[in-house]
1. Name the one entry in GLU79, GLU105 that is closer than 16 Å to ILE147 by Cβ, open to solvent by less than 30 Å² (accessible area, probe 1.4 Å), out of contact with any Cys (no Cβ under 7 Å at 6 or more places or on another chain) and of a type outside the set (Gly, Ala, Ser).
2. Give the residues of region 109-145 that are at positive phi and open to solvent by 50 Å² or more (accessible area, probe 1.4 Å), sorted by residue number.
3. Restricting to region 181-195, name every residue that is buried (at least 19 other Cβ atoms within 10 Å of the Cβ) and under 16 Å from THR124 (Cα atoms).
4. Mind checking whether some residue in region 31-50 is over 26 Å from CYS150 (Cα atoms), at pLDDT 95 or above and not in a strand (DSSP E or B)?
5. Only one residue in ARG44, ARG94 is closer than 27 Å to LEU194 by Cα, of a type outside the set (S, T, N, Q), open to solvent by 30 Å² or more (accessible area, probe 1.4 Å) and in contact (Cβ under 8 Å) with a residue 60 or more places away in the chain, so which one is that?
6. Mind telling me which of the residues GLU198, GLU178, GLU154 ends up being surrounded by fewer than 18 Cβ atoms within 10 Å (Cβ to Cβ) and part of a strand (DSSP E or B)?
7. Of everything in region 107-131, what is out of contact with any helix residue (DSSP H, G or I) (no Cβ under 7 Å at 6 or more places or on another chain), of a type outside the set (D, E, K, R) and touching a residue at least 40 places away in the same chain (Cβ under 8 Å)? Give them in sequence order.
Amino acid sequence: MCGRFAITLPDDAMARLFRAQPANDLPPVPNLNIRPTDPVHVVRQGETGRQLCQMRWGFVPHWARALNDGPLLINARAETLAEKPAFRAAARARRCLIPASWFYEWTGEKGAKQPWKIATPDDTPLALAGLWQEWGEAEARQATCAIVTCAANETLAPIHHRMPVVLAEEDWPLWLGEAGHGAARLMRPAPEALLRAEKTDLV
């Protein structure tokens, strides 16, 4: 599960990091509490190279009659996305990177949950694996996305049994479809030393 995350990197720095052409209508940064259905930054492969653009966090299958038709698909399970009708085509042809500075998880009982900030030791930006889908017609058409998740590594398992798939820079071309086939092998837990968890405050 990945239900909240943050982005603090300015647009121009994001564009340089991912070597992507930025769109003109990117979401405001910094945003320390990105929620489902919020607009998010996404890096995808376009006709002229990588594009840094805005998408709605909450994947909407092409057959949906409305944005809120059916469950809110903010995550796609790595183990089943190639088989699920909602994600199957996107897993083959519409993979993306979702930049994040860190993400959040919670522990504890309802009403007294403790939020945890999960980041690299030096807050280096993360590239989360994602899938995207355009939905709607004409002026109502918009791009939507989901974050791919896998089983948690040993570092994060005490907090939550799932985690987003975090992609190393050398794996970005393969995930984006720039370097042939075999992206499925990238859907694995992050190395143990990559992330740390610390208690934080979040409303």
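1. The conditions single out GLU105.
2. Within region 109-145, GLY111, ASP123, ALA138 meet the criteria.
3. Answer for region 181-195, where residues must be buried (at least 19 other Cβ atoms within 10 Å of the Cβ) and under 16 Å from THR124 (Cα atoms): ALA190, LEU195.
4. no
5. Residue meeting the stated conditions: ARG44.
6. GLU198
7. THR107, GLN114, PRO115, TRP116, ILE118, ALA119, THR120, PRO121, LEU126, LEU128, GLY130
The values are calculated or read from the model by the stated rules, or taken from the named source; none is laboratory data. Note that the coordinates shown come from a computational prediction; the quantities given were computed from them, not determined experimentally. Every residue, glycine among them, receives a Cβ derived from its backbone with ideal geometry; neighbour counts consider all protein chains shown. In case anyone asks, the SASA skips ligands and DNA or RNA and just uses the protein heavy atoms, side chains included. Shrake-Rupley method; radii C 1.70, N 1.55, O 1.52, S 1.80 Å.
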